[in-house]
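Beneath this line is the structure, given in structure tokens, with notes to follow.
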């Protein structure tokens with residue numbers, strides 16, 4: 001299958017390892033990966049902060065329509081395209097029809113639902129705990145797909161994260177606009193992660209991991225954060 | 001809500017809460033307890049999704065035809081011997097209540113047409129000292145908090161006694177509520193004992209902090225009020241258009257006392273409280289207690305329809321309050337907030353509320369629902385009100401538990417748009433404008449990424465200005481050797 005990668009602007013700029021992992025993983029599974037170079041950003045930061053993201057919709061459509069599948073290694077950006085784009089395009093039937101025709105999937109959705117794979121042949125000999133980010137859990141409702149994928153990884157020991165469904169406190173510009181509450185939420189998430197004894201915290205959103213991981217690093221906990229794609233790509 | 005003017009913005013107030021260890025512990029314990037009870041109570045319902053969808057549909061239908069249902073309700077109340085008053089805003093509602101209390105206390109009231117303080121006309125003019133000339137007992141009511149009724153009554157020389165235990169704690173403490181259902185959630189029992197000991201004249205000398213002992217002290221204190229007050233003031237959880245019936249749902253029985261003992265009963269009801277028929281209560285009386293206290297059914301459900309001769313109050317008044325609601329109704333996205341049945345499930349699951357506390361929201365409506373209701377009822381012209389739509393990570397936990405399916409994150413984003421299109425912050429606007437300009441063009445984005453890679457060694461570990469909030473508690477991610485796009489150009493493409 002020919003799959004387009006929407007790597008997202010945050011991964012493109014700060015976490016290229018995640019994009020490379022998606023490419024490696026999908027090629028290993030026998031698929032062709034395209035990276036349309038005219039892609040930029042879905043507009044989530046602007047939209048969620050109250051600024052007009054409509055100018056980002058049409059370029060996104062021009063870039064990604066016509067693909068069998070578009071994979072996004074970020075639940076929040078995938079949720080932006082699937083949930084917010086239809087609202088932004090609501091006033092323009094032609095645009096709304098183009099948005100409705102998009103086939104955008106978060107990575108675990110693509111693997112489990114579209115490609116029908118649960119064992120991707122990965123090897124990762126570490127103790128790992130999984131944080132279901134809010135947009136995975138309550139936005140896209142990816143459910144147990146990431147657990148299913150992680151459970152099939154050789155050598156990986158998956159431990160439950162207490163209070164996993166609680167937000168980590170990132171929230172995009174919330175982390176800067178409400179730094180005290182954001183830090184308080186992060187402190188609790190860090191406490192729960194440390195409680196598990198895991199070496200690695202994994203999630204489907206590098207933005208949340210940048211926030212929790214930034215605190216884990218500042219406190220010299222020795223726990224590292226990794227995107228789901230990087231564990232699934234490891235052999 | 002005049003008592004809240006001049007308060008700091010949400011982030012500033014929340015910052016103080018985050019370092020208050022007592023407050024944090026009180027909130028964590030209380031919200032987690034109610035949260036777990038609610039989850040268990042909802043978990044018992046196999047038809048929760050259907051009940052929720054039905055309740056949403058009933059409320060939406062009612063709001064769409066609100067004009068007709070309001071008139072139907074008025075006719076039904078009048079036919080049952082009650083009286084209906086219409087109040088455009090808080091000042092009108094307060095003046096109506098004060099006039100009705102004057103009628104009930106005709107013998108003791110100051111002369112009619114007297115000074116502003118005694119009539120409520122022309123604002124809350126300060127009243128000269130002296131004992132109150134009338135007493136009112138109150139059922140817990142968000143609408144009366146919203147219109148600042150207690151303050152208006154006090155200014156007119158009328159003593160208003162809160163009879164809900166938590167509202168009594170708040171009133172005696174000279175405090176404001178911090179939760180819709182549990183107004184004194186920010187207090188623990190040791191603090192409550194201290195408030196009773198110092199502020200309640202008839203508190204027993206050997207008062208302990210045992211909940212039963214505290215409740216008994218409050219009961220003794222309140223009993224006298226129930227028996228002497230000629231007027232009771234309540235809100236209503238629901239108002240039935242078909243029959244003119246008002247419904248109050250409560251746990252302590254204090255409401256039942258207020259609704260049955262005094263001669264005059266005045267109910268302050270927001271116009272969004274209507275449901276079309278008596279049968280509609282079936283759904284809401286399942287959803288409300290399970291969502292709010294986590295109980296299958298609340299201990300006391302009182303319903304009354306006008307006047308029943310020889311039984312309960314002989315004068316029954318309903319004050320229908322708009323106070324900004326028709327403005328909310330005109331907003332296609334924001335109007336869903338009027339479906340709210342004030343269960344406060346959204347507060348109890350909100351990670352931001354749990355750490356900021358209710359007072360940080362600067363409104364009688366705290367938490368996620370407050371963050372969408374207050375800026376709609378009051379507007380976003382003050383710095384506090386403009387900060388409320390941003391008091392959320394958009395995590396969506398509130399939407400998941402809402403029994404009337406209010407998409408709170410959607411409304412928050414909608415209101416953020418209003419704030420950003422208004423005066424806003426010039427620096428933020430410039431930054432978002434620049435970011436948008438870079439992010440709209442692959443060429444400019446690639447240039448910015450290469451510039452970031454080249455200047456890596458020069459970048460500070462701590463960010464300046466408003467961005468310092470990030471690096472105060474977190475390390476920044478390292479900028480990689482090259483962007484994904486440059487890797488793809490170099491060797492990614494097959």
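The values are calculated or read from the model by the stated rules, or taken from the named source; none is laboratory data. As the structure is a computational prediction, the values presented were derived from the model and not from experiment. Please note: Cβ atoms are built from the backbone with ideal geometry, for glycine as well, and neighbour counts cover all protein chains shown.
Within segment B:158-181, which residues are assigned to a loop (DSSP other than H, G, I, E, B) and surrounded by 21 or more Cβ atoms within 10 Å (Cβ to Cβ)?
Correct list: B:163, B:164, B:177, B:178, B:179, B:180.
Which condition breaks for residue B:318 when tested against (1) surrounded by 22 or more Cβ atoms within 10 Å (Cβ to Cβ); (2) at positive phi?
Among (1) surrounded by 22 or more Cβ atoms within 10 Å (Cβ to Cβ); (2) at positive phi, residue B:318 violates only (2).
Could you please give the count of residues in segment B:478-489 that are part of a loop (DSSP other than H, G, I, E, B) and surrounded by fewer than 18 Cβ atoms within 10 Å (Cβ to Cβ)?
So the count comes out to 4.
Report, by residue number, each residue of segment A:68-79 that is at pLDDT 95 or above and more than 11 Å from chain B (Cβ to nearest Cβ).
Those that are at pLDDT 95 or above and more than 11 Å from chain B (Cβ to nearest Cβ): A:69, A:70, A:71, A:72, A:74, A:75, A:77, A:78.
Check off (1) surrounded by 22 or more Cβ atoms within 10 Å (Cβ to Cβ); (2) modelled with pLDDT under 95 for residue B:252 and give me the number that stays unchecked.
(1)
Among the candidates B:415, B:467, B:445, B:463, single out the residue that is under 26 Å from residue A:22 (Cα atoms) and surrounded by 12 or more Cβ atoms within 10 Å (Cβ to Cβ).
B:445
Residues in segment A:103-112: is at least one in a helix (DSSP H, G or I), out of contact with any helix residue (DSSP H, G or I) (no Cβ under 7 Å at 6 or more places or on another chain) and within 14 Å of chain B (Cβ to nearest Cβ)?
Among the residues of segment A:103-112, not one is in a helix (DSSP H, G or I), out of contact with any helix residue (DSSP H, G or I) (no Cβ under 7 Å at 6 or more places or on another chain) and within 14 Å of chain B (Cβ to nearest Cβ), which makes the answer no.
Taking segment B:386-396, which residues are more than 8 Å from chain A (Cβ to nearest Cβ) and surrounded by fewer than 24 Cβ atoms within 10 Å (Cβ to Cβ)?
B:386
With A:173, A:196, A:133 as the choices, which residue is more than 21 Å from the chain's Cα centre (by Cα), touching a residue at least 40 places away in the same chain (Cβ under 8 Å) and surrounded by 15 or more Cβ atoms within 10 Å (Cβ to Cβ)?
Among A:173, A:196, A:133, only A:196 is more than 21 Å from the chain's Cα centre (by Cα), touching a residue at least 40 places away in the same chain (Cβ under 8 Å) and surrounded by 15 or more Cβ atoms within 10 Å (Cβ to Cβ).
Within segment B:456-463, does at least one residue satisfy the condition of being without any contact (Cβ under 8 Å) to a residue 60 or more places away in the chain, over 30 Å from residue B:50 (Cα atoms), in a helix (DSSP H, G or I) and facing chain A (nearest Cβ under 7 Å)?
No: zero hits.
Among (1) touching a residue at least 40 places away in the same chain (Cβ under 8 Å); (2) at the interface with another protein chain (Cβ under 9 Å from one of its Cβ atoms); (3) more than 29 Å from residue B:88 (Cβ to Cβ), which single condition is residue B:414 missing?
Condition not satisfied by residue B:414: (3).
Residue A:80: under 16 Å from the mean Cα position of the chain (by Cα) and either under 30 Å from residue B:389 (Cα atoms) or surrounded by fewer than 22 Cβ atoms within 10 Å (Cβ to Cβ) (or both), yes or no?
Yes, satisfied.
Does residue B:372 satisfy being in contact with a strand residue (DSSP E or B) (Cβ under 9 Å, 6 or more places away or on another chain) and more than 11 Å from chain A (Cβ to nearest Cβ)?
No: the conditions fail for residue B:372.
Need a quick list: strands (runs of 3 or more DSSP E) entirely within segment A:142-235 having at least 3 residues that are within 14 Å of chain B (Cβ to nearest Cβ).
Answer list for segment A:142-235: A:224-227.
Going through B:399, B:353 one at a time, which residue ends up being facing chain A (nearest Cβ under 10 Å) and under 17 Å from residue B:32 (Cα atoms)?
Step by step, each of B:399, B:353 is checked, and only B:353 is facing chain A (nearest Cβ under 10 Å) and under 17 Å from residue B:32 (Cα atoms).
Quick check, is residue B:303 assigned to a strand (DSSP E or B) and surrounded by fewer than 23 Cβ atoms within 10 Å (Cβ to Cβ)?
Here the answer is yes, as residue B:303 does meet what is asked.
Restricting attention to segment B:419-434, which residues are more than 7 Å from every other protein chain (Cβ to nearest Cβ) and either without any contact (Cβ under 8 Å) to a residue 40 or more places away in the chain or more than 21 Å from residue B:333 (Cα to Cα) (or both)?
B:421, B:423, B:424, B:425, B:426, B:427, B:428, B:429, B:430, B:431, B:433, B:434
Looking at (1) crowded, with 19+ Cβ neighbours inside 10 Å; (2) farther than 18 Å from residue B:398 by Cβ, which is the one condition that is false for residue B:24?
(1)
Considering only segment A:2-20, state which residues are more than 7 Å from chain B (Cβ to nearest Cβ) and either at positive phi or surrounded by fewer than 24 Cβ atoms within 10 Å (Cβ to Cβ) (or both).
A:2, A:3, A:4, A:8, A:10, A:17
Given the conditions (1) at pLDDT below 95; (2) surrounded by 14 or more Cβ atoms within 10 Å (Cβ to Cβ); (3) outside any helix (DSSP H, G or I), which single one is not true for residue B:118?
(3)
Pick from B:310, B:270, B:235: which is more than 29 Å from residue B:207 (Cβ to Cβ) and free of Cβ contacts under 8 Å to residues at least 12 places away in the same chain?
Answer to the check: B:310.
Residues A:36, A:93, A:73, A:125: which one is on the phi < 0 side of the Ramachandran plot and within 18 Å of the chain's Cα centre (by Cα)?
Result of the check over A:36, A:93, A:73, A:125: A:73.
Going by what's in this entry, would residue B:32 be described as within 14 Å of chain A (Cβ to nearest Cβ), part of a helix (DSSP H, G or I) and more than 22 Å from residue B:304 (Cβ to Cβ)?
When the stated conditions are applied, residue B:32 passes them.
From the list B:39, B:90, B:14, B:25, exactly one residue is closer than 21 Å to residue B:344 by Cβ and under 20 Å from the mean Cα position of the chain (by Cα). Which is it?
Answer to the selection: B:14.
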